[in-house]
Amino acid sequence: MSAQLPYSIVNFNLFLADGDHSGKVEEVILPTIEYKTEEVFNAGMSMPIKQPVALQAMSATFKMSEHEVRNFAAAGSPLAGFVTAILYGHLQSAEGKTSQIIYTMRGSISKIENGTAKVADLKAGQQTLVMDLMSLLVIRDGIPAFEVDAKGGVLVHGVFDHFASLRKNLKLA
(Lines give C-alpha, C1' and ligand atoms only; values in the text may rest on other atoms or scores of the structure.)
Protein backbone atom coordinates (compact mmCIF):
# COMPACT_ATOMS: atom_id res chain seq x y z
CA MET A 1 0.00 0.00 0.00
CA SER A 2 1.44 3.38 -0.97
CA ALA A 3 1.05 6.53 1.11
CA GLN A 4 -0.67 9.56 -0.44
CA LEU A 5 1.96 12.25 -0.89
CA PRO A 6 1.01 15.86 -0.14
CA TYR A 7 0.01 18.22 -2.94
CA SER A 8 1.11 21.80 -3.47
CA ILE A 9 -0.85 24.39 -5.42
CA VAL A 10 0.90 25.85 -8.45
CA ASN A 11 0.11 28.23 -11.32
CA PHE A 12 -2.94 30.08 -9.97
CA ASN A 13 -4.47 32.67 -12.30
CA LEU A 14 -7.46 34.85 -11.45
CA PHE A 15 -10.24 35.92 -13.79
CA LEU A 16 -12.77 38.52 -12.62
CA ALA A 17 -16.15 39.62 -13.95
CA ASP A 18 -16.02 39.71 -17.74
CA GLY A 19 -13.52 36.85 -18.09
CA ASP A 20 -10.42 38.97 -18.67
CA HIS A 21 -7.25 37.70 -17.01
CA SER A 22 -6.93 39.74 -13.83
CA GLY A 23 -3.54 38.51 -12.69
CA LYS A 24 -1.23 35.86 -11.35
CA VAL A 25 -1.98 34.87 -7.77
CA GLU A 26 1.11 34.42 -5.58
CA GLU A 27 -0.83 33.43 -2.47
CA VAL A 28 -4.48 32.64 -1.81
CA ILE A 29 -6.37 32.11 1.43
CA LEU A 30 -9.25 29.88 0.38
CA PRO A 31 -12.61 29.92 2.15
CA THR A 32 -12.87 28.00 5.40
CA ILE A 33 -15.83 25.65 5.46
CA GLU A 34 -17.14 25.93 9.01
CA TYR A 35 -20.58 25.11 10.37
CA LYS A 36 -22.62 26.93 12.99
CA THR A 37 -23.84 24.38 15.50
CA GLU A 38 -26.60 24.06 18.06
CA GLU A 39 -26.34 21.93 21.14
CA VAL A 40 -29.04 19.26 21.23
CA PHE A 41 -29.96 17.41 24.43
CA ASN A 42 -33.18 15.47 23.90
CA ALA A 43 -34.97 13.12 26.28
CA GLY A 44 -33.15 9.82 26.60
CA MET A 45 -29.75 11.19 25.52
CA SER A 46 -26.87 10.62 27.92
CA MET A 47 -25.05 13.78 26.81
CA PRO A 48 -25.60 16.77 24.55
CA ILE A 49 -24.33 16.71 20.97
CA LYS A 50 -23.49 19.54 18.61
CA GLN A 51 -25.72 19.52 15.54
CA PRO A 52 -24.59 21.48 12.44
CA VAL A 53 -27.32 23.88 11.31
CA ALA A 54 -25.74 26.26 8.76
CA LEU A 55 -22.46 27.34 7.23
CA GLN A 56 -20.53 30.30 8.61
CA ALA A 57 -19.87 33.24 6.27
CA MET A 58 -17.00 32.60 3.83
CA SER A 59 -14.34 34.86 2.37
CA ALA A 60 -11.28 34.46 0.14
CA THR A 61 -8.09 36.54 -0.04
CA PHE A 62 -5.90 36.83 -3.15
CA LYS A 63 -2.35 38.24 -3.07
CA MET A 64 -1.29 39.08 -6.58
CA SER A 65 2.04 40.11 -8.06
CA GLU A 66 0.98 40.58 -11.67
CA HIS A 67 -2.38 42.25 -12.01
CA GLU A 68 -4.56 44.28 -14.34
CA VAL A 69 -5.78 47.27 -12.36
CA ARG A 70 -8.48 48.06 -14.93
CA ASN A 71 -10.20 44.73 -14.20
CA PHE A 72 -10.32 45.53 -10.48
CA ALA A 73 -11.83 48.92 -11.22
CA ALA A 74 -14.56 47.31 -13.33
CA ALA A 75 -15.37 44.57 -10.83
CA GLY A 76 -13.94 45.62 -7.54
CA SER A 77 -15.91 48.25 -5.74
CA PRO A 78 -18.41 47.12 -3.11
CA LEU A 79 -20.90 49.36 -4.90
CA ALA A 80 -20.50 47.32 -8.09
CA GLY A 81 -22.56 44.52 -6.56
CA PHE A 82 -21.70 40.85 -6.89
CA VAL A 83 -18.80 39.70 -9.03
CA THR A 84 -17.65 36.27 -10.18
CA ALA A 85 -14.03 35.28 -9.59
CA ILE A 86 -12.59 32.15 -11.19
CA LEU A 87 -9.29 30.85 -9.87
CA TYR A 88 -7.55 28.30 -12.14
CA GLY A 89 -4.64 26.28 -10.86
CA HIS A 90 -3.06 22.88 -10.48
CA LEU A 91 -2.34 20.59 -7.58
CA GLN A 92 1.10 19.07 -7.94
CA SER A 93 2.17 15.96 -6.07
CA ALA A 94 5.70 15.42 -4.78
CA GLU A 95 6.10 13.01 -7.71
CA GLY A 96 5.38 15.83 -10.17
CA LYS A 97 1.91 14.66 -11.24
CA THR A 98 -0.63 17.46 -11.60
CA SER A 99 -4.40 17.69 -11.50
CA GLN A 100 -6.48 20.72 -12.43
CA ILE A 101 -8.41 22.58 -9.73
CA ILE A 102 -10.89 25.39 -10.32
CA TYR A 103 -12.53 27.59 -7.68
CA THR A 104 -15.54 29.55 -8.93
CA MET A 105 -16.64 32.13 -6.38
CA ARG A 106 -19.44 34.72 -6.43
CA GLY A 107 -19.62 37.56 -3.97
CA SER A 108 -18.52 41.10 -3.38
CA ILE A 109 -15.03 42.50 -3.08
CA SER A 110 -14.82 44.05 0.36
CA LYS A 111 -11.20 45.21 0.37
CA ILE A 112 -8.49 46.16 -2.10
CA GLU A 113 -5.06 46.72 -0.56
CA ASN A 114 -2.56 48.31 -2.93
CA GLY A 115 0.60 47.49 -0.97
CA THR A 116 3.77 49.54 -1.21
CA ALA A 117 5.98 50.60 -4.09
CA LYS A 118 9.78 50.42 -4.12
CA VAL A 119 12.12 50.94 -7.02
CA ALA A 120 13.29 47.66 -8.62
CA ASP A 121 11.33 45.50 -6.13
CA LEU A 122 8.98 43.12 -7.92
CA LYS A 123 7.23 41.97 -4.74
CA ALA A 124 6.43 45.56 -3.76
CA GLY A 125 3.78 45.78 -6.46
CA GLN A 126 1.58 43.16 -4.78
CA GLN A 127 -2.10 43.88 -4.50
CA THR A 128 -4.44 42.10 -2.09
CA LEU A 129 -8.13 41.47 -2.75
CA VAL A 130 -10.57 40.26 -0.10
CA MET A 131 -13.85 38.85 -1.36
CA ASP A 132 -16.92 37.98 0.77
CA LEU A 133 -18.62 34.98 -0.81
CA MET A 134 -22.20 33.95 -1.34
CA SER A 135 -21.38 30.95 -3.54
CA LEU A 136 -18.45 28.60 -4.09
CA LEU A 137 -17.88 25.74 -6.52
CA VAL A 138 -14.74 23.59 -6.34
CA ILE A 139 -13.96 21.37 -9.34
CA ARG A 140 -11.03 18.95 -9.44
CA ASP A 141 -10.15 17.29 -12.74
CA GLY A 142 -13.58 18.18 -14.15
CA ILE A 143 -15.51 16.64 -11.23
CA PRO A 144 -17.46 18.92 -8.85
CA ALA A 145 -16.12 18.28 -5.33
CA PHE A 146 -17.96 20.91 -3.30
CA GLU A 147 -20.69 23.45 -4.00
CA VAL A 148 -22.46 25.97 -1.80
CA ASP A 149 -24.89 28.67 -2.86
CA ALA A 150 -26.36 30.68 0.02
CA LYS A 151 -29.22 32.24 -1.95
CA GLY A 152 -30.16 29.06 -3.82
CA GLY A 153 -30.09 26.79 -0.78
CA VAL A 154 -27.41 24.52 -2.26
CA LEU A 155 -24.88 22.58 -0.17
CA VAL A 156 -23.31 19.64 -2.02
CA HIS A 157 -20.34 17.46 -0.98
CA GLY A 158 -19.42 15.19 -3.88
CA VAL A 159 -22.68 13.42 -4.74
CA PHE A 160 -24.49 14.21 -1.47
CA ASP A 161 -26.92 17.15 -1.77
CA HIS A 162 -27.85 18.28 1.75
CA PHE A 163 -30.88 20.40 0.81
CA ALA A 164 -32.29 18.70 -2.33
CA SER A 165 -35.59 17.66 -0.70
CA LEU A 166 -36.00 21.05 0.99
CA ARG A 167 -35.53 22.88 -2.35
CA LYS A 168 -38.03 20.50 -3.96
CA ASN A 169 -40.63 21.06 -1.23
CA LEU A 170 -40.20 24.84 -1.49
CA LYS A 171 -40.36 24.57 -5.31
CA LEU A 172 -36.88 26.12 -5.70
CA ALA A 173 -35.58 23.29 -7.88
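Summing Lys, Arg as +1 and Asp, Glu as -1, what charge do residues with Cβ under 15 Å from the Cβ of VAL148 carry, VAL148 excluded?
-1
Just to verify a number: FRET efficiency for PHE41 and ALA164, C-beta to C-beta distance, R0 = 30 Å, to 0.05?
FRET efficiency, PHE41 to ALA164: 0.55.
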So for the pair THR84, THR61, with labels modelled 7 Å out along Cα→Cβ, what separation do we get in nm?
2.7 nm
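Whenever you get a sec, line up PHE15, PHE160 from highest to lowest accessible area (probe 1.4 Å, protein heavy atoms). Walk me through the numbers before you get to the answer.
On the way: PHE15 55, PHE160 120 Å².
Output order, biggest surface exposure first: PHE160, PHE15.
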Strictly over 29 Å apart at the Cα level, which of LYS111/LYS151; LYS24/LYS168; LYS36/LYS111; LYS111/LYS171 would you flag in this model?
LYS24/LYS168; LYS111/LYS171
Report the accessible area of GLU147, computed with a 1.4 Å probe over the heavy atoms of all protein chains in place, in Å² rounded to the nearest 10.
70 Å²
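The values are calculated or read from the model by the stated rules, or taken from the named source; none is laboratory data. All of these numbers come straight from a predicted model, not from anything done at the bench. Glycine also receives a Cβ, built like all others from the backbone with ideal geometry; neighbour counts cover every protein chain displayed. Please note that ligands, DNA and RNA were not included when accessible areas were found on the heavy atoms of the full protein model with its side chains. Shrake-Rupley method; radii C 1.70, N 1.55, O 1.52, S 1.80 Å.
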